[in-house]
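Enquirer: Structure in C-alpha coordinates, see below.
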Amino acid sequence: HWLWLPNTERNCMCGRYYISSDTADELEKLTGLVNSVLVLKQIHRTDIHPSDNAPVLLAAQGKLDCAWLKWGFPLSSDRKKELVFNARCESVLEKSLFREGIRHRRIAVPAEGFYEWNRDKVKYTFREKQRKLLFLAGCCRQYGDGEHFVILTTGANASMLPVHDRMPLILEKNQVTDWILESGRTESLLRQLPPLLERNTEYEQLSFF
(Lines give C-alpha, C1' and ligand atoms only; values in the text may rest on other atoms or scores of the structure.)
Protein backbone atom coordinates (compact mmCIF):
# COMPACT_ATOMS: atom_id res chain seq x y z
CA HIS A 1 0.00 0.00 0.00
CA TRP A 2 1.19 3.51 -0.76
CA LEU A 3 1.79 6.06 1.98
CA TRP A 4 0.76 9.57 0.94
CA LEU A 5 3.39 11.97 2.25
CA PRO A 6 3.20 15.76 1.77
CA ASN A 7 6.37 17.68 1.03
CA THR A 8 7.45 20.86 -0.73
CA GLU A 9 6.93 19.32 -4.18
CA ARG A 10 3.37 18.06 -3.80
CA ASN A 11 1.90 20.30 -1.10
CA CYS A 12 -1.12 17.92 -0.99
CA MET A 13 -3.32 19.57 -3.59
CA CYS A 14 -5.11 18.54 -6.76
CA GLY A 15 -5.57 15.01 -5.48
CA ARG A 16 -8.96 14.25 -7.03
CA TYR A 17 -10.90 15.20 -10.14
CA TYR A 18 -13.88 13.81 -12.06
CA ILE A 19 -14.84 12.70 -15.58
CA SER A 20 -17.99 11.29 -17.24
CA SER A 21 -19.34 10.17 -20.59
CA ASP A 22 -19.43 13.86 -21.57
CA THR A 23 -15.63 13.82 -21.36
CA ALA A 24 -15.56 11.42 -24.31
CA ASP A 25 -17.73 13.71 -26.42
CA GLU A 26 -15.44 16.68 -25.84
CA LEU A 27 -12.28 14.66 -26.53
CA GLU A 28 -13.77 13.32 -29.73
CA LYS A 29 -14.50 16.88 -30.92
CA LEU A 30 -10.93 17.96 -30.15
CA THR A 31 -9.02 14.98 -31.55
CA GLY A 32 -11.37 13.11 -33.88
CA LEU A 33 -10.33 9.92 -32.08
CA VAL A 34 -13.43 7.76 -32.01
CA ASN A 35 -11.96 4.37 -31.03
CA SER A 36 -9.54 5.76 -28.45
CA VAL A 37 -12.28 7.39 -26.38
CA LEU A 38 -14.97 4.74 -26.88
CA VAL A 39 -14.52 3.25 -23.40
CA LEU A 40 -15.19 6.67 -21.88
CA LYS A 41 -18.68 6.70 -23.37
CA GLN A 42 -19.64 3.92 -20.95
CA ILE A 43 -18.62 5.92 -17.89
CA HIS A 44 -21.10 7.81 -15.76
CA ARG A 45 -19.58 10.49 -13.54
CA THR A 46 -16.65 9.04 -11.61
CA ASP A 47 -13.91 10.46 -9.39
CA ILE A 48 -10.26 9.87 -10.30
CA HIS A 49 -7.79 9.39 -7.41
CA PRO A 50 -3.99 9.08 -7.35
CA SER A 51 -2.96 5.52 -8.41
CA ASP A 52 -6.05 5.22 -10.67
CA ASN A 53 -5.80 4.71 -14.42
CA ALA A 54 -7.20 7.69 -16.31
CA PRO A 55 -7.42 8.99 -19.89
CA VAL A 56 -4.84 11.55 -21.01
CA LEU A 57 -3.97 13.27 -24.27
CA LEU A 58 -0.39 12.70 -25.45
CA ALA A 59 1.79 12.61 -28.56
CA ALA A 60 1.83 9.57 -30.86
CA GLN A 61 3.61 9.72 -34.21
CA GLY A 62 3.51 13.50 -34.22
CA LYS A 63 -0.21 13.78 -33.53
CA LEU A 64 -2.57 13.87 -30.57
CA ASP A 65 -3.69 10.53 -29.17
CA CYS A 66 -5.66 9.35 -26.15
CA ALA A 67 -4.34 6.68 -23.74
CA TRP A 68 -5.08 5.40 -20.24
CA LEU A 69 -2.16 5.91 -17.84
CA LYS A 70 -1.68 5.54 -14.09
CA TRP A 71 -1.74 8.72 -12.01
CA GLY A 72 1.36 9.13 -9.84
CA PHE A 73 5.10 8.45 -9.93
CA PRO A 74 5.97 5.67 -7.45
CA LEU A 75 8.99 6.18 -5.21
CA SER A 76 10.30 3.79 -2.58
CA SER A 77 13.01 3.49 0.03
CA ASP A 78 13.88 0.94 2.71
CA ARG A 79 11.11 2.04 5.07
CA LYS A 80 8.37 3.70 3.04
CA LYS A 81 6.62 3.97 -0.28
CA GLU A 82 5.39 7.21 -1.72
CA LEU A 83 3.32 8.30 -4.71
CA VAL A 84 4.14 11.66 -6.27
CA PHE A 85 1.04 12.92 -8.07
CA ASN A 86 1.75 16.69 -8.46
CA ALA A 87 4.75 18.68 -9.68
CA ARG A 88 5.33 22.41 -9.22
CA CYS A 89 5.61 24.44 -12.45
CA GLU A 90 8.26 26.69 -10.95
CA SER A 91 10.78 23.88 -10.43
CA VAL A 92 9.69 21.12 -12.81
CA LEU A 93 12.49 21.79 -15.32
CA GLU A 94 15.10 21.53 -12.56
CA LYS A 95 13.96 18.32 -10.84
CA SER A 96 15.39 15.08 -12.23
CA LEU A 97 12.13 13.24 -11.50
CA PHE A 98 10.19 15.45 -13.93
CA ARG A 99 12.75 17.05 -16.26
CA GLU A 100 12.70 14.50 -19.10
CA GLY A 101 8.93 14.23 -19.05
CA ILE A 102 8.54 18.00 -19.35
CA ARG A 103 11.05 18.11 -22.19
CA HIS A 104 9.82 15.11 -24.16
CA ARG A 105 6.54 13.64 -22.82
CA ARG A 106 4.02 16.35 -21.96
CA ILE A 107 0.34 15.46 -21.62
CA ALA A 108 -3.04 17.10 -21.02
CA VAL A 109 -5.41 15.53 -18.49
CA PRO A 110 -9.12 16.01 -19.31
CA ALA A 111 -11.33 16.78 -16.31
CA GLU A 112 -14.81 18.19 -16.00
CA GLY A 113 -13.85 19.59 -12.63
CA PHE A 114 -11.61 18.99 -9.63
CA TYR A 115 -11.88 19.10 -5.85
CA GLU A 116 -9.96 20.89 -3.13
CA TRP A 117 -10.34 21.09 0.65
CA ASN A 118 -9.59 24.12 2.81
CA ARG A 119 -7.97 24.10 6.25
CA ASP A 120 -11.36 23.35 7.86
CA LYS A 121 -11.79 20.21 5.68
CA VAL A 122 -14.59 21.83 3.66
CA LYS A 123 -14.73 20.30 0.18
CA TYR A 124 -14.98 22.59 -2.86
CA THR A 125 -15.58 21.75 -6.51
CA PHE A 126 -13.93 23.86 -9.21
CA ARG A 127 -14.95 24.00 -12.86
CA GLU A 128 -15.26 26.47 -15.70
CA LYS A 129 -18.86 27.35 -16.48
CA GLN A 130 -18.19 28.43 -20.06
CA ARG A 131 -16.80 25.06 -21.16
CA LYS A 132 -17.53 21.45 -20.25
CA LEU A 133 -13.95 20.27 -20.05
CA LEU A 134 -10.76 21.49 -18.37
CA PHE A 135 -7.34 20.38 -19.60
CA LEU A 136 -4.81 20.03 -16.79
CA ALA A 137 -1.16 20.19 -17.87
CA GLY A 138 1.03 17.24 -16.90
CA CYS A 139 3.91 15.01 -17.91
CA CYS A 140 4.77 11.30 -18.04
CA ARG A 141 7.53 8.96 -16.94
CA GLN A 142 8.10 5.34 -17.94
CA TYR A 143 8.04 2.58 -15.29
CA GLY A 144 8.08 -1.20 -15.45
CA ASP A 145 4.30 -1.40 -15.68
CA GLY A 146 4.00 1.37 -18.28
CA GLU A 147 3.81 5.16 -18.29
CA HIS A 148 2.64 7.10 -15.23
CA PHE A 149 1.66 10.77 -15.16
CA VAL A 150 1.64 13.73 -12.76
CA ILE A 151 -0.42 16.93 -12.85
CA LEU A 152 1.37 20.29 -12.74
CA THR A 153 0.44 22.92 -10.17
CA THR A 154 1.00 26.66 -10.11
CA GLY A 155 0.22 29.60 -7.85
CA ALA A 156 -3.48 30.07 -7.08
CA ASN A 157 -5.52 32.75 -8.81
CA ALA A 158 -8.38 34.72 -7.22
CA SER A 159 -10.93 31.92 -7.58
CA MET A 160 -8.73 29.36 -5.78
CA LEU A 161 -6.87 31.49 -3.25
CA PRO A 162 -9.58 31.48 -0.53
CA VAL A 163 -9.25 27.66 -0.45
CA HIS A 164 -5.61 26.86 -1.31
CA ASP A 165 -2.46 28.66 -2.44
CA ARG A 166 -1.85 26.18 -5.31
CA MET A 167 -3.98 25.00 -8.23
CA PRO A 168 -3.58 22.91 -11.40
CA LEU A 169 -1.99 24.50 -14.45
CA ILE A 170 -5.00 24.73 -16.78
CA LEU A 171 -4.59 24.89 -20.54
CA GLU A 172 -7.01 26.62 -22.88
CA LYS A 173 -8.47 24.29 -25.52
CA ASN A 174 -6.40 25.95 -28.25
CA GLN A 175 -3.19 25.45 -26.22
CA VAL A 176 -3.47 21.68 -25.81
CA THR A 177 -1.80 20.78 -29.11
CA ASP A 178 1.04 23.27 -28.57
CA TRP A 179 1.65 22.03 -25.02
CA ILE A 180 1.90 18.41 -26.13
CA LEU A 181 3.65 18.77 -29.50
CA GLU A 182 5.55 22.09 -29.52
CA SER A 183 8.55 22.15 -27.16
CA GLY A 184 9.18 25.80 -27.97
CA ARG A 185 5.98 26.77 -26.10
CA THR A 186 6.72 24.83 -22.92
CA GLU A 187 8.36 27.50 -20.78
CA SER A 188 5.84 30.24 -21.63
CA LEU A 189 2.89 27.94 -20.89
CA LEU A 190 4.46 26.92 -17.57
CA ARG A 191 4.39 30.60 -16.54
CA GLN A 192 0.81 31.42 -17.52
CA LEU A 193 -1.94 32.23 -15.03
CA PRO A 194 -4.86 29.76 -15.07
CA PRO A 195 -8.36 31.03 -15.93
CA LEU A 196 -10.79 31.99 -13.18
CA LEU A 197 -13.10 29.15 -12.16
CA GLU A 198 -16.52 28.63 -10.62
CA ARG A 199 -16.23 27.54 -6.97
CA ASN A 200 -18.97 25.49 -5.25
CA THR A 201 -19.63 23.46 -2.14
CA GLU A 202 -22.19 20.66 -1.88
CA TYR A 203 -24.62 23.08 -0.22
CA GLU A 204 -24.44 26.30 -2.17
CA GLN A 205 -22.59 28.12 -4.88
CA LEU A 206 -20.10 30.40 -3.14
CA SER A 207 -18.60 32.38 -5.96
CA PHE A 208 -18.59 32.76 -9.69
CA PHE A 209 -15.67 34.64 -11.24
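Enquirer: Taking 30 Å as R0, compute the FRET efficiency from the Cβ-Cβ separation of Gln61 and Gln142 and round it to 0.05. Can you show the working numbers first?
Expert: Values: r = 17 Å, r/R0 = 0.58.
So, using R0 = 30 Å, E works out to roughly 0.95.
Enquirer: If you don't mind, another one. How large is ³J(HN,Hα) for each residue in segment 95-100, as worked out from phi by the Karplus curve 6.51 cos²θ - 1.76 cosθ + 1.60 (θ = phi - 60°), to whole Hz, x for Gly and Pro?
Expert: So the J values, rounded to whole Hz, are 8, 4, 5, 10, 4, 5.
Enquirer: Same structure again: With the crude spin-label approximation of a point 7 Å out along Cα→Cβ, what separation in nm comes out for Asp47 versus Tyr115?
Expert: 0.2
Enquirer: In nm, what is the difference between 0.36 nm times the number of residues separating Lys129 and Asn174 and their Cα-Cα distance?
Expert: Working: separation 45, 0.36 × 45 = 16.20 nm, distance 1.72 nm.
Here the segment from Lys129 to Asn174 would lengthen by 14.5 nm.
Enquirer: Also, I was wondering about something else. Greater than 27 Å separation of Cα atoms is the criterion. Which listed pairs, Lys29/Lys70; Lys95/Lys129; Lys81/Lys173; Lys29/Lys123, meet it?
Expert: Working: Lys29/Lys70 24 Å; Lys95/Lys129 34 Å; Lys81/Lys173 36 Å; Lys29/Lys123 31 Å.
Checking Cα-Cα distances, Lys95/Lys129; Lys81/Lys173; Lys29/Lys123 exceed 27 Å.
Enquirer: Keeping every protein chain present and rolling a 1.4 Å probe, give me the accessible area per residue for segment 61-102 in Å².
Expert: Heavy-atom accessible area per residue stands at 56 Å².
Enquirer: Using DSSP to call loops (not H, G, I, E or B), can you name the trypsin sites (Lys or Arg not before Pro) in segment 73-165 whose Cβ has at most 16 other Cβ atoms within 10 angstrom?
Expert: Working: sites: Arg79, Lys80, Lys81, Arg88, Lys95, Arg99, Arg103, Arg105, Arg106, Arg119, Lys121, Lys123, Arg127, Lys129, Arg131, Lys132, Arg141; in loops: Arg79, Lys80, Lys95, Arg105, Arg119, Lys121, Lys129, Arg131, Lys132.
Within segment 73-165, the qualifying trypsin sites (Lys or Arg not before Pro) (loop, at most 16 other Cβ atoms within 10 Å) are Arg79, Lys80, Lys95, Arg119, Lys121, Lys129, Arg131, Lys132.
Enquirer: How much length would be gained if the chain were fully extended between Arg185 and Leu161, taking 0.36 nm per residue of separation minus their Cα-Cα distance, in nm to one decimal? If you can, show how the numbers build up before the last one.
Expert: Working: separation 24, 0.36 × 24 = 8.64 nm, distance 2.66 nm.
Full extension from Arg185 to Leu161 adds 6.0 nm.
Enquirer: Related question: Leaving out ligands and nucleic acids, note down the accessible area per residue over segment 104-158 with a 1.4 angstrom probe, in whole Å².
Expert: 42
Enquirer: Can I ask one more? Could you order Tyr143, Tyr18 so the one with the most accessible surface comes first? Probe is 1.4 Å. Write down the numbers at each step before the final one.
Expert: Values: Tyr143 50, Tyr18 15 Å².
Largest accessible area first, the list is Tyr143, Tyr18.
Enquirer: Could you state how much accessible area His148 has, in square angstrom rounded to the nearest 10, with a 1.4 Å probe and all protein chains kept in place?
Expert: That residue has around 10 Å² of solvent-accessible surface.
Enquirer: Using a Förster distance of 30 angstrom, determine the FRET efficiency expected from the C-beta separation of Leu196 and His104, and round it to 0.05.
Expert: Details: r = 32 Å, r/R0 = 1.05.
Efficiency, rounded to the nearest 0.05: 0.40.
The values are calculated or read from the model by the stated rules, or taken from the named source; none is laboratory data. Please read these numbers as outputs of a predicted model, since none were measured by experiment. So basically every Cβ, Gly included, is an ideal-geometry build from the backbone, and we count neighbours across all protein chains shown. Please note that ligands, DNA and RNA were not included when accessible areas were found on the heavy atoms of the full protein model with its side chains. Shrake-Rupley method; radii C 1.70, N 1.55, O 1.52, S 1.80 Å.
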